[in-house]
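Just below is one structure, and these are the notes that go with it.
The values are calculated or read from the model by the stated rules, or taken from the named source; none is laboratory data. This is a predicted model, so every value here is computed, not measured. Using ideal geometry, Cβ is built from the backbone for each residue, glycine included, and neighbour counts are taken over all protein chains shown. In case anyone asks, the SASA skips ligands and DNA or RNA and just uses the protein heavy atoms, side chains included. Shrake-Rupley method; radii C 1.70, N 1.55, O 1.52, S 1.80 Å.
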Amino acid sequence: MDKSEELLRLQVYLARCGVGSRRKCEEYISEGRVTVNGKAVLTAGTKVSNEDEVYYNGHPVHPEKEHVYIALHKPSGFICSNQDRDGRPLAIDLLADASNRRLYNVGRLDYMTSGLLFFTNDGDFSKLMTHPSSHVEKEYVVTTKKEIPGELMEQFKKGISVDGEFFRLKQYIFKGARTVHIVLEEGKNKELRKVFLSRNITLKSIHRIRVGSIKLTGLASGHFRKLTAREVDQLKKQALENKKNNTGKPRK
């Protein structure tokens, strides 16, 4: 089969067009925002090729020929979304001068969490960085309003359940009675907030300072920079290595 006629699942095709991550593209499809050859398609597994006319929100999309990778220092008070019905500031708007290509966030930081966040138009990179099997480390500085019990951190390291969800950190280091550095690998939705609030410990701030081998050092709040080809290769290599080393191991 000619490469131009290669059949791809619709969500994969959209991700390669820079529309969003594969998971996000599945949502767009189910919402009826995608058409193929003039007809609305609601099934994510539909196969398409470069010969098909694919539209997203009424606009034609085509696979990206050049990939962009950006590191942003997200301030607190910005949301990781392309739109917000409440009119809150969008992290993506801080990248107005970054590229003329459609970009989307790789994973997310919640509204009040600050720190390192990647943006890209490479769906395969996004999937690799966010999939639990890749075990990509994310390091956070957590500051609280009262002393953090060492016993809580030990429980968190062994594994802790909050309202039926299981959470486990990889590593922690106290930097004071109310400040701790925490390394997560999976990083579930609002994981740190849920764990601390389960013990009635109010958080002052959560700040992400590292993702994989990339540190936030030297990047001012609200500013961004492009990742180098070497940095992207390092991130991919480590994630693929982690996947290989953990293949077949049971997960909680």
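Give just the number: which of (1) modelled with pLDDT under 95; (2) under 30 Å from LEU235 (Cβ atoms) does ILE70 not satisfy?
(1)
Please enumerate the residues belonging to region 24-60 that are of a type in the set (Lys, Arg) and in a loop (DSSP other than H, G, I, E, B).
Going residue by residue through region 24-60, those that are of a type in the set (Lys, Arg) are 24, 33, 39, 47.
Answer for region 24-60, where residues must be of a type in the set (Lys, Arg) and in a loop (DSSP other than H, G, I, E, B): just ARG33.
How about region 205-245: which of its residues are farther than 26 Å from SER99 by Cα, open to solvent by 90 Å² or more (accessible area, probe 1.4 Å) and touching a residue at least 40 places away in the same chain (Cβ under 8 Å)?
GLN238, LEU240
With respect to the numbered conditions (1) out of contact with any His (no Cβ under 8 Å at 6 or more places or on another chain); (2) open to solvent by 30 Å² or more (accessible area, probe 1.4 Å); (3) closer than 30 Å to TYR69 by Cβ, which one is the sole condition not fulfilled by THR202?
So the condition that THR202 fails would be (3).
Considering only residues of region 13-57 that are aliphatic (A, V, I, L, M) and modelled with pLDDT under 90, which is most open to solvent (accessible area, probe 1.4 Å)?
Start the filter on region 13-57 by keeping residues that are aliphatic (A, V, I, L, M), which leaves 14-15, 19, 29, 34, 36, 40-42, 44, 48, 54.
The next check asks that each one be modelled with pLDDT under 90; those that pass are 15, 19, 44.
Working: ALA15: 2, VAL19: 4, ALA44: 26 Å².
By that ranking, first place goes to ALA44.
Looking at region 88-111, which of the residues that are at pLDDT 90 or above and part of a loop (DSSP other than H, G, I, E, B) is most open to solvent (accessible area, probe 1.4 Å)?
ARG108
Taking GLU137 and the conditions (1) open to solvent by 10 Å² or more (accessible area, probe 1.4 Å); (2) touching a strand residue (DSSP E or B) at 6+ places or on another chain (Cβ under 6 Å); (3) modelled with pLDDT under 95, which numbered condition does it fall short on, given that it satisfies the others?
Here GLU137 clears every test but (3).
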